[in-house]
Structures are given as structure tokens and as C-alpha cells.
1. Quick one: which of 49/80; 66/110; 80/113; 78/110; 78/113 span more than 24 angstrom between C-alpha atoms?
2. Please compute the contact order of the range 26-111 in relative form: average sequence separation of alpha-carbon pairs under 8 Å and at least six residues apart, divided by the residue count, as a percent.
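No value in this document is a laboratory result; all are computed from the given coordinates. Bear in mind that the values here come from a model prediction, so they are computed numbers and not experimental data.
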Amino acid sequence: MRKSLKLVAAAAGLMAFSATASAFSTGPCKACHALDHDVVGPAWDRVAKAYGSEEALAKVFKSGFKVEDRKIASSEPKFKAQASTMTGMYNNYIKGHEDDAAKALFAAVKSGKM
Ligand code: HEC
């Protein structure tokens with residue numbers, strides 16, 4: 001009895017943890033992106049301009065974020081050469097949160113805060 005209670009408590013704790021972990025945050029993006037200048041990755045105001053709308057960006061995220069569909073990487077060799085870095089970030093943070101990620105990027109550019 002005591003053992004199963006502990007298990008239930010542990011499972012509830014895990015569920016609470018994964019619920020928090022699954023919310024999209026731009027926190028990790030800041031390591032490589034800024035709003036108005038290129039860092040490791042392109043400035044997000046340029047990204048927003050290149051895609052035009054969060055729907056268009058979400059669509060590219062949802063179709064697997066293929067390098068040839070990426071507006072910046074497909075037109076700028078310097079960034080194309082680093083596409084695999086961004087693919088890793090996509091797999092870790094964006095996959096499963098495509099709409100939220102696109103919304104967060106456009107909201108950040110609009111508000112001036114990441
Ligand atoms: C380790 C560095 C790094 C991190 C962290 C990172 N990015 Fe990137 N990002 C890049 C690089 C390099 C590029 C350029 C290559 C490319 O566009 O594929 C890029 C490009 C992009 C593009 C433009 C894609 C295109 O070519 O049109 C978007 C959108 C983007 N990142 C969103 C994000 C979001 C959202 C996060 C946070 C979840 C994030 N990035 C985190 C390095 C990073």
C-alpha cells in the first residue's frame with residue numbers, strides 16, 4: 001500500500017514535470033538568435049520578413065523544416081552551411097510545437113522582446 005502510494009506520487013510528479021517541459025519557450029533560441037542582428041543564426045526580424053506570416057513559418061515547420069523550404073538557408077549560403085545546427089534545434093525544441101514556435105517568433109519581433 002505504502003509502496004503504491006509512493007509510485008502514484010512519483011508518477012504525478014513526472015506528469016507535472018513533463019507538462020512544464022512541453023511548453024514552448026524562446027529561452028534556448030537566445031543562445032544563437034537576436035531580434036535585430038545576426039548572431040550564430042539570422043536575426044529574427046529578417047526571418048519574420050522572409051516568411052511574412054506566422055502561418056507561413058508554421059507550415060514550413062510542420063512539413064519537416066526541410067532545408068530547401070527554409071527561406072533564409074535556401075537563399076544564403078553562409079546560413080545554408082549551418083543548416084544542420086538549426087535542424088538539431090528544430091528536433092529538440094520546435095517539433096511538436098510548430099504553431100507555438102512560429103507564434104512566439106513573430107510575437108518576439110513585434111514586441112521587441114525575445
Ligand atoms: C545552436 C544555435 C541555434 C539555436 C539554439 C537556435 N538556432 Fe535557429 N538558426 C541557427 C542557425 C545556424 C540558423 C541558420 C541555418 C538555417 O537557417 O537553417 C538558424 C535559422 C533559424 C530560422 C530560419 C530558417 C530559415 O533558413 O529560413 C528560424 C525560423 C530559426 N532558426 C528559429 C529558431 C528557434 C525558434 C529557436 C529556438 C527554439 C532557434 N532557432 C534556436 C542556429 C540556432
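1. As for pairs spanning more than 24 Å Cα to Cα, those are 66/110; 80/113; 78/110; 78/113.
2. 31
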